[in-house]
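**Student:** Below is one structure. I have some questions about it.
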Amino acid sequence: MSRKYLIAGNWKMNKTATEAVDLIEEVKSLVGNQSSVQVCVCPSFTSLAKASELVEESQLLLGAQDMNAESSGAFTGEISAEMLRDLYVSFVILGHSERRQFFGETNHSVNKKILAAVENNLKPIYCIGETLEERETEKTLDVVGSQVREGLESFPSQSIENLVLAYEPVWAIGTGKTATDEMAQEVHAYIRKVLTDIFGESSASKIRILYGGSMKPENAAGLLAQEDVDGGLIGGASLTARAFSGIVEAALNA
Ligand code: 13P
């Protein structure tokens, strides 16, 4: 299967626009000239304009961390897909567990954003994953299955190659606890099975499924070696160029 690895850095609410310039320059000099692995940085909205100028003459791609499902209008404080496209943003992270936990997002509300993103030629990185309680009560596959089905309702099959999923077990985010390689592969394989049920085997085999949750250079190789792990969505380790590029190197060597 020829799915190209994607390593995406979710900077979350970190780095001013000034700091973002330095980090992007460093990442660019370390891994910005190769195209074997796709590398994407997702800074805050306030850094996107500057970032889009910096990545222009490199292979680095730009992503946003959220967007509104509406195209324009009276939604104070919100950002539309068109505004992101205008800044040459390629990817948009949607449905991150922090947005579900702190901002009340649901599979249903995230579904609207996913559909609006692909309509505007943005590539959604749709985040799913179970809480610790759900894992301990053996609900992981049920929860993840519903997230995939409900979040991707009415997803247009002609846009399938623009769809990326990220499996991020909530208990592994920012905790230093990583899913074992086998745990990740088990859930990724299940996600691909659900995608096969929805879209058919040929389409499902094209969709990249990233792993996220305390991924770092030390554990990246093992996770990326799994058959259904097609890259990483990196939080903490994307905030230093050395750690982030270490994960990109692991993907280049995988
Ligand atoms: P950490 O890599 O800091 O655990 O965060 C993962 C994440 O939430 C990426 O979206």
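**Student:** Looking at the range 205-217, which of its residues are free of Cβ contacts under 8 Å to residues at least 60 places away in the same chain, of a type outside the set (A, V, I, L, M, F, W, C) and more than 8 Å from the ligand (Cβ to nearest atom)?
**Tutor:** Residues satisfying the conditions are Y211, P217.
**Student:** Name the pairs: first residue in the range 183-203 and among the polar types (S, T, N, Q), second residue part of a helix (DSSP H, G or I) and surrounded by 16 or more Cβ atoms within 10 Å (Cβ to Cβ), Cβ to Cβ under 8 Å, at least 6 apart or on different chains?
**Tutor:** From the range 183-203, the pairs are T196/A204; S203/I160; S203/L195.
**Student:** Determine which member of the set S245, S202 is modelled with pLDDT of 95 or more, among the hydroxyl-bearing types (S, T, Y), within 16 Å of the ligand (Cβ to nearest atom) and not in a strand (DSSP E or B).
**Tutor:** S245
**Student:** Quick test of your reading of the structure: K177 fulfils all but one of (1) surrounded by fewer than 21 Cβ atoms within 10 Å (Cβ to Cβ); (2) under 16 Å from G232 (Cα atoms); (3) more than 10 Å from the ligand (Cβ to nearest atom). Name the failing condition by number.
**Tutor:** It fails just one condition, (3).
**Student:** Can you work out which of the residues in the range 136-157 that are over 18 Å from H108 (Cα atoms) and at pLDDT 95 or above is nearest to the ligand (Cβ to nearest atom)?
**Tutor:** This residue is T140.
**Student:** Can you tell me which condition K113 does not meet? The list is (1) touching a helix residue (DSSP H, G or I) at 6+ places or on another chain (Cβ under 8 Å); (2) in contact (Cβ under 8 Å) with a residue 40 or more places away in the chain; (3) closer than 27 Å to L48 by Cα, and all the others hold.
**Tutor:** Every condition holds for K113 apart from (1).
**Student:** Go through the range 220-241 residue by residue and tally those that are more than 15 Å from the ligand (Cβ to nearest atom) and either in a helix (DSSP H, G or I) or of a type in the set (V, I, T) (or both).
**Tutor:** Residues flagged as more than 15 Å from the ligand (Cβ to nearest atom) and either in a helix (DSSP H, G or I) or of a type in the set (V, I, T) (or both) within the range 220-241 amount to 3.
The values are calculated or read from the model by the stated rules, or taken from the named source; none is laboratory data. Please read all numbers here as calculations on a predicted model, not as lab measurements. Reconstructed Cβ throughout: ideal geometry from the backbone, glycine too, with neighbour counts over all protein chains shown.
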